[in-house]
Amino acid sequence: AQSVTQLDSQVPVFEEAPVELRCNYSSSVSVYLFWYVQYPNQGLQLLLKYLSGSTLVKGINGFEAEFNKSQTSFHLRKPSVHISDTAEYFCAVSSGGFNKFYFGSGTKLNVKP
Amino acid sequence: EAGVVQSPRYKIIEKKQPVAFWCNPISGHNTLYWYLQNLGQGPELLIRYENEEAVDDSQLPKDRFSAERLKGVDSTLKIQPAELGDSAVYLCASSSGQSNSPLHFGNGTRLTVT
């Protein structure tokens with residue numbers, strides 16, 4: 001089974017500063033990688049996904065993530081955050097050939113004015 | 001397209017009472033998931049359906065939890081009897097069934113057991 005580690009449970013950052021949310025996964029076999037965002041009292045919304053090809057993927061709301069196979073990482077970045085980015089972010093992995101998704105424990109991004 | 005619809009949004013019950021949650025997936029999505037999300041944690045799979053067949057229910061506490069997906073469309077998740085520790089958010093998600101297809105989530109049902 002896969003495991004997904006989000007190293008930071010909370011990340012405070014000032015508005016317009018850059019941010020990186022870290023995600024590492026366990027397996028080195030073919031994987032598909034996802035980042036989701038969850039606003040209070042809502043379900044999870046897809047931010048971006050890595051399936052194959054370019055290791056740098058761009059998503060909604062100005063977020064991007066880089067797949068690093070050798071380090072089994074998929075860190076999420078944004079060069080300049082807004083107050084509206086305050087939410088919880090989840091990294092997820094699914095293994096090729098299976099419809100099973102594994103989620104990290106989440107990182108709460110708190111953007112301060 | 002209409003998203004995944006869940007109801008109710010909130011439910012408060014006393015322990016030992018039964019409760020049921022309903023989910024209608026995105027039209028055409030064959031795969032349906034029920035996830036449990038405890039406060040401050042990521043979603044944990046309870047059960048996955050491929051059409052009307054439960055193909056992964058290894059994490060479903062079968063002594064008190066049951067689920068069904070009649071006709072391979074909408075689904076219900078039931079708890080009977082509920083315990084205090086069942087207080088959590090229950091999320092439903094659907095996908096087209098490919099492992100590279102993302103999950104689409106509903107807004108969840110927040111259950112409080114008193």
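The values are calculated or read from the model by the stated rules, or taken from the named source; none is laboratory data. In this text, all values refer to a predicted model and were calculated from it rather than measured experimentally. Here the Cβ is made from the backbone with ideal geometry for all residues, glycine too, and neighbour counts use every protein chain on show. For the accessible areas, the whole protein counts, side chains as well, though only heavy atoms, and no ligand, DNA or RNA atoms are used. Shrake-Rupley method; radii C 1.70, N 1.55, O 1.52, S 1.80 Å.
Rolling a 1.4 Å probe over the protein heavy atoms gives region A:41-113 an accessible area of 45 Å² per residue.
Scanning chain A for GluC sites (Glu not before Pro) lying in DSSP loops with no more than 15 further Cβ atoms inside 10 Å, the longest uninterrupted stretch between such sites is A:17-113. Just B:Val55, B:Val89, B:Val19 to compare: in a GNM of chain B, with alpha carbon springs under 10 Å, which one fluctuates most? Largest GNM mean-square fluctuation: B:Val55.
Computed across the protein assembly as shown, the Kirkwood hydrodynamic radius from all distinct Cα-Cα pairs reaches 18.1 Å. Straight-line cross-link partners of B:Lys15 among the aspartates and glutamates, defined as a Cα under 12 Å from its Cα and at least 8 positions apart when in the same chain: B:Glu83, B:Asp86. Ellipsoid fit via the Cα gyration tensor, region B:1-93: semi-axes of 21, 14, 13 Å, each the root of five times an eigenvalue, largest first. From the Kirkwood radius over Cα pairs of region A:26-75, Stokes-Einstein at 10 °C and 1.306 mPa s returns a whole-number translational diffusion coefficient of 135 µm²/s. Extension gain for the segment A:Ala17 to A:Ser3, taken as residue separation times 0.36 nm less the Cα-Cα distance, is 2.0 nm to one decimal. Using all pairs of distinct alpha-carbon atoms, the Kirkwood hydrodynamic radius of chain A works out to 14.1 angstrom.
In this structure, the pairs whose alpha-carbon distance is over 32 Å, taken from A:Lys58/B:Lys78; A:Lys69/A:Lys108; A:Lys69/B:Lys62; A:Lys49/A:Lys112; B:Lys16/B:Lys71, are A:Lys58/B:Lys78; A:Lys69/B:Lys62.
Candidate cross-link partners of A:Lys78 among the aspartates and glutamates, defined by an alpha-carbon separation under 14 Å and a same-chain spacing of 8 or more, comprise A:Glu15, A:Glu16, A:Glu20, A:Glu64, A:Glu66.
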